[in-house]
2 protein chains.
Amino acid sequence: MKIGEIADITGCSVQTIRFYERKGLLAQPKRTEGNYRIYSKETLEQLIFIKQCRAHDMSIQEISYLLESRETPEQSCDSVNAIINEHIEQISAKIEELNALKASLNKMANSCSANRKIKDCGILSNLKQANFPK
Amino acid sequence: MKIGEIADITGCSVQTIRFYERKGLLAQPKRTEGNYRIYSKETLEQLIFIKQCRAHDMSIQEISYLLESRETPEQSCDSVNAIINEHIEQISAKIEELNALKASLNKMANSCSANRKIKDCGILSNLKQANFPK
DNA sequence: ATTTGACCCTATACCAAGTATAGACTTTAT
DNA sequence: ATAAAGTCTATACTTGGTATAGGGTCAAAT
């Protein structure tokens with residue numbers, strides 16, 4: 001398969017696939033005589049794996065580690081579980097952060113009614129206030 | 001005030017302040033004879049405003065717009081309200097997305113119990129599955 | 001008077017995770 | 001034979017900064 005084909009199948013762009021190669025997530029593929037990359041079914045499956053990981057917002061480093069661990073199938077998968085759990089923690093923290101942000105923004109939005117002038121805007125006056133922790 | 005002072009007061013780094021200047025959020029300040037930036041109380045307040053906006057995850061473009069609108073104090077603040085409401089929408093959407101991600105990751109985590117081998121890992125087997133929309 | 005240290009200056013490179021472009025080459029279709 | 005589509009490499013750009021190199025300035029201590 002050529003790069004455009006696996007791009008179509010996976011929904012990754014051609015550039016993204018070459019980018020993953022540069023980042024070491026995909027091995028250097030064989031080339032045709034005309035220097036075109038040719039991919040095996042295995043590489044396609046690996047790209048699908050990568051896409052799934054990215055869809056779950058894992059970093060390239062995290063994905064690298066997961067791909068690496070697949071090469072030692074007899075070892076314990078505890079470290080895989082650990083990565084996922086840590087990742088869930090990160091996402092939970094981000095959700096908390098965004099909820100707090102949203103609450104603060106909603107409060108601001110409520111502090112300004114329609115038909116006000118810029119100089120009387122409740123939102124802008126809120127944003128002027130320094131609230132440094134300490 | 002010199003740049004280090006307003007950095008200390010606001011908690012922005014010196015580089016970040018120069019970065020905001022390059023991006024047009026802060027005007028080019030006066031300089032001393034030795035070419036040091038000197039800031040007024042007004043600029044300090046503007047930097048505090050910017051910091052508040054960034055703390056609410058607004059983009060530099062959004063902040064630019066808010067700063068601009070402050071220059072026409074007699075005009076309606078409808079557009080300011082619109083920016084904030086749109087921003088709240090963006091954050092809400094992100095929260096939704098992360099909640100869905102978290103649910104999917106938790107499901108994966110539950111699919112793998114302790115003491116398994118890599119080749120039997122429930123998480124890795126989940127990640128192999130392509131689920132393309134269409 | 002000089003030297004040390006803290007601060008400041010510009011310019012440039014780097015980060016993540018791609019995206020976009022230019023300019024050339026290869027393959028496919030007409 | 002030629003045009004269109006696909007591919008190649010290399011490079012620049014995105015966001016919101018951070019880090020570094022290599023220099024200049026300023027105040028205090030020696």
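Number of residues in the stretch A:15-49 that are within 14 Å of chain B (Cβ to nearest Cβ) and aliphatic (A, V, I, L, M) equals 4.
Evaluate the following for B:ASP8: is it among the acidic types (Asp, Glu) and within 11 Å of DNA strand C (Cβ to nearest atom)? Judged against the criteria, B:ASP8 is a match. Note on the stretch B:82-109: residues that are more than 7 Å from chain A (Cβ to nearest Cβ) and under 26 Å from A:ILE83 (Cα atoms) amount to 6. Within the stretch B:110-127, being facing chain A (nearest Cβ under 7 Å), surrounded by 18 or more Cβ atoms within 10 Å (Cβ to Cβ) and assigned to a helix (DSSP H, G or I) holds for B:ILE118, B:ILE123, B:LEU124, B:LEU127. Against the definition (more than 30 Å from B:ASP8 (Cβ to Cβ), aliphatic (A, V, I, L, M) and within 9 Å of chain B (Cβ to nearest Cβ)), how does A:ALA55 come out, yes or no? Against the criterion (more than 30 Å from B:ASP8 (Cβ to Cβ), aliphatic (A, V, I, L, M) and within 9 Å of chain B (Cβ to nearest Cβ)), A:ALA55 qualifies.
For the stretch B:101-119, the count of residues that are of a type outside the set (Ser, Thr, Tyr), in contact with a strand residue (DSSP E or B) (Cβ under 9 Å, 6 or more places away or on another chain) and under 24 Å from A:ALA103 (Cα atoms) is zero.
The residue that is farthest from B:SER125 (Cα to Cα), counting only those in the stretch A:12-55 that are in contact with a Pro (Cβ under 9 Å, 6 or more places away or on another chain) and within 12 Å of DNA strand C (Cβ to nearest atom), is A:ARG37. Residues in the stretch B:27-37: is at least one within 11 Å of DNA strand D (Cβ to nearest atom), among the polar types (S, T, N, Q), over 21 Å from A:LEU98 (Cβ atoms) and without any contact (Cβ under 8 Å) to a residue 40 or more places away in the chain? Yes: the stretch B:27-37 contains one or more residues that are within 11 Å of DNA strand D (Cβ to nearest atom), among the polar types (S, T, N, Q), over 21 Å from A:LEU98 (Cβ atoms) and without any contact (Cβ under 8 Å) to a residue 40 or more places away in the chain. Any residue in the stretch B:74-81 that is facing chain A (nearest Cβ under 9 Å), without any contact (Cβ under 8 Å) to a residue 40 or more places away in the chain, within 14 Å of A:LEU105 (Cα to Cα) and assigned to a helix (DSSP H, G or I)? Yes: the stretch B:74-81 contains one or more residues that are facing chain A (nearest Cβ under 9 Å), without any contact (Cβ under 8 Å) to a residue 40 or more places away in the chain, within 14 Å of A:LEU105 (Cα to Cα) and assigned to a helix (DSSP H, G or I).
Read-outs throughout are calculated quantities, based only on the coordinates presented, and are distinct from any laboratory measurement. Note that the structure is a prediction, hence the values are computed from the model and not measured. Don't worry about glycine lacking a Cβ; one is built from the backbone with ideal geometry, like all the others, and counts go over all protein chains shown.
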